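J.: I have a structure I would like to understand better, so I am pasting it below and will then ask my questions one at a time.
The values are calculated or read from the model by the stated rules, or taken from the named source; none is laboratory data. Bear in mind the structure is a predicted one, so any value in this text is a computation, not a measurement. So basically every Cβ, Gly included, is an ideal-geometry build from the backbone, and we count neighbours across all protein chains shown.
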Amino acid sequence: MFVRSHALVDEVLTTHDLFSSDEIRYSASEVPHRDNPVLHSMSAMDPPRHHELRRLVSRAFTPRTVDALTPSIESRAARLLDELTPASDFITGFAHPLPIATLAALLGVSADREADFVRWTDAITMFFGQPEARPAFESAVSELRDYLRTVPSSEGGIVAELRESGLTADEIVNLASLLLINGHETTKTLLVNTVLSVADHVSTLRADPDLVPSAIEEVLRLRPSAGGTDRFATRAGVLGGEAFAAGQRIIVSLAAANRDPAVFDRPNAFDVRRSPNPHLSFGHGIHFCLGAHLARRQAVVALRALLARIPGPWTVEGLVTRDSPVGTDVLALRLVWSAERDRPGRT
C-alpha cells in the first residue's frame with residue numbers, strides 16, 4: 001500500500017501500535033536484509049525497548065550539545081570552502097566531509113578514521129540483501145564492530161557512554177550504524193539539496209540572512225533527504241478507505257506528503273519565506289528524527305558559510321544522478337562561481 005497525502009502519512013507515522021517499524025517481527029514477506037544492523041536498531045523497534053535506547057542516545061543530541069558543536073562545524077565549513085574551487089566535486093569536497101567530521105566528534109572517534117566511516121556507511125546503506133553486496137556489507141560491519149571496541153573512554157562521545165551503559169557489542173554496532181547513516185548520509189543529501197534549491201535565491205538570502213533557517217526548512221520540504229519510509233501492519237485494518245492485511249508493508253511518501261496542496265499553498269514552488277511549514281521530512285511520532293536539530297544546524301551553518309565565502313551568484317554543473325527505490329541520488333556536482341580568489345569573508 002502506498003500512502004501519499006499529508007494527513008494519512010502523518011497517521012501512519014504516529015500510530016506506531018498499528019503501523020510498526022519492526023520489519024523483522026511483522027513483515028509478512030521474507031526479509032533478505034534481516035542481518036543489516038539498522039533493522040536491529042531503535043529505528044526498527046517499538047516501545048518499550050525503543051524508548052529505553054532513545055533515552056540513552058538522546059543526551060548526545062540536546063540543544064546544549066548542538067550549541068557546543070557549532071563552533072567546530074563553522075570552522076570546518078570555512079576550511080572546506082577555502083579549498084573548494086569551481087572544478088571541485090561539491091560532494092567529496094564539502095557535503096561528505098562536513099557531517100562526517102561532526103559525527104566523528106559526536107561519537108568520540110578519531111578524525112583520521114573519517115574515510116573508513118564513509119566507506120562503512122556506504123556499504124551498510126547499500127545492502128538490501130543482494131548477494132553481490134553482501135561481502136562489502138559483512139566486511140563493513142565487522143570492521144565497524146572491531147573499531148568501536150577500541151574507542152577509548154577518554155575520547156568521550158556516544159560510543160564510550162554506550163559501552164558504560166551495559167549494552168552489548170552488537171547493540172552498540174546497531175546504534176552506531178543508525179547514527180552513521182542517519183547522521184551522515186541524510187545530512188550530506190540535505191547539503192547537496194540546499195545548493196540545488198537556493199541557486200536562484202542567493203541574492204534574496206544575502207539581502208536578508210534571517211531567511212536562512214526558513215530556506216533550509218523549504219529545502220527539507222521540497223527535497224527531503226529520504227523520499228519515503230515504510231511501516232508494517234501489526235493487524236488488519238483500513239486506511240483512507242483502503243483495507244490492508246496484517247504484516248502488509250505500508251509505504252509512505254514523504255515527498256508527496258510535503259507537496260500536498262491541502263496543506264501547502266503553491267506546493268511545487270520553492271518559497272524561502274514559507275511559514276508555517278509542517279513538512280514531514282524528519283518523520284513524526286516516536287520515531288521523529290533524533291538528530292533533526294543537529295542536521296538543521298549543520299545546514300544553516302553551511303548555507304551561511306556559502307553565502308559569505310562564495311561571491312556573487314552560483315550555478316550547479318556536472319550533475320550526475322542515479323535513480324534509487326526512494327528517489328534520485330546525486331552522485332556528483334560542481335558549484336561554479338566567478339572571482340574564485342576574491343571571496344568575501346575569506347581569511
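J.: I'd like the full set of residues that are out of contact with any Lys or Arg (no Cβ under 6 Å at 6 or more places or on another chain) and charged (D, E, K, R), limited to region 207-227.
T.: Once the filter is applied, which keeps residues that are out of contact with any Lys or Arg (no Cβ under 6 Å at 6 or more places or on another chain) and charged (D, E, K, R), region 207-227 yields D208, D210, E217, R221, R223.
J.: If we keep just the residues of region 254-283 that are within 26 Å of the chain's Cα centre (by Cα) and aliphatic (A, V, I, L, M), which is surrounded by the fewest Cβ atoms within 10 Å (Cβ to Cβ)?
T.: Looking at residues that are within 26 Å of the chain's Cα centre (by Cα) and aliphatic (A, V, I, L, M), I get A269.
J.: Filter region 214-249 down to the residues that are farther than 21 Å from C289 by Cα and not in a strand (DSSP E or B) and list them by number.
T.: Matches in region 214-249: T234, R235, A236, G240, G241, A245, A246, G247, Q248.
J.: Then there is this: One residue is enough: does region 300-312 have a residue meeting the conditions closer than 15 Å to S225 by Cα, outside any loop (DSSP other than H, G, I, E, B) and either at pLDDT 95 or above or within 18 Å of the chain's Cα centre (by Cα) (or both)?
T.: No, region 300-312 contains no residue that is closer than 15 Å to S225 by Cα, outside any loop (DSSP other than H, G, I, E, B) and either at pLDDT 95 or above or within 18 Å of the chain's Cα centre (by Cα) (or both).
J.: Just checking: which of the helices (runs of 4 or more DSSP H) contained wholly in region 54-132 hold 3 or more residues that are more than 21 Å from F288 (Cα to Cα) and of a type in the set (S, T, Y)? Show your work before the answer.
T.: Working: elements: 63-83, 97-107, 114-125.
Fully inside region 54-132 and qualifying: 63-83.
J.: Follow-up question, since we're still on this one. Using the structure shown, decide if R34 is in a helix (DSSP H, G or I), charged (D, E, K, R) and either farther than 26 Å from D329 by Cβ or under 22 Å from the mean Cα position of the chain (by Cα) (or both).
T.: Spelling it out, it is not the case that R34 is in a helix (DSSP H, G or I), charged (D, E, K, R) and either farther than 26 Å from D329 by Cβ or under 22 Å from the mean Cα position of the chain (by Cα) (or both).
J.: Another question, if that's okay. What residue, of I286, I251, I310, is closer than 27 Å to E185 by Cα, crowded, with 19+ Cβ neighbours inside 10 Å, of a type outside the set (K, R) and in contact (Cβ under 8 Å) with a residue 60 or more places away in the chain? So that I can check it myself, show each step before the final result.
T.: Values: I286 fails: crowded, with 19+ Cβ neighbours inside 10 Å; I251 fails: crowded, with 19+ Cβ neighbours inside 10 Å.
I310 is the lone residue from the list that is closer than 27 Å to E185 by Cα, crowded, with 19+ Cβ neighbours inside 10 Å, of a type outside the set (K, R) and in contact (Cβ under 8 Å) with a residue 60 or more places away in the chain.
J.: For the condition closer than 25 Å to A299 by Cα, surrounded by fewer than 16 Cβ atoms within 10 Å (Cβ to Cβ) and not aliphatic (A, V, I, L, M), what is the one hit in D112, D170, D122, D146?
T.: D112
J.: Can you confirm whether region 194-206 contains a residue that is touching a Lys or Arg at 6+ places or on another chain (Cβ under 9 Å), closer than 23 Å to D260 by Cβ, surrounded by 23 or more Cβ atoms within 10 Å (Cβ to Cβ) and not hydroxyl-bearing (S, T, Y)?
T.: Scanning region 194-206 turns up no residue that is touching a Lys or Arg at 6+ places or on another chain (Cβ under 9 Å), closer than 23 Å to D260 by Cβ, surrounded by 23 or more Cβ atoms within 10 Å (Cβ to Cβ) and not hydroxyl-bearing (S, T, Y).
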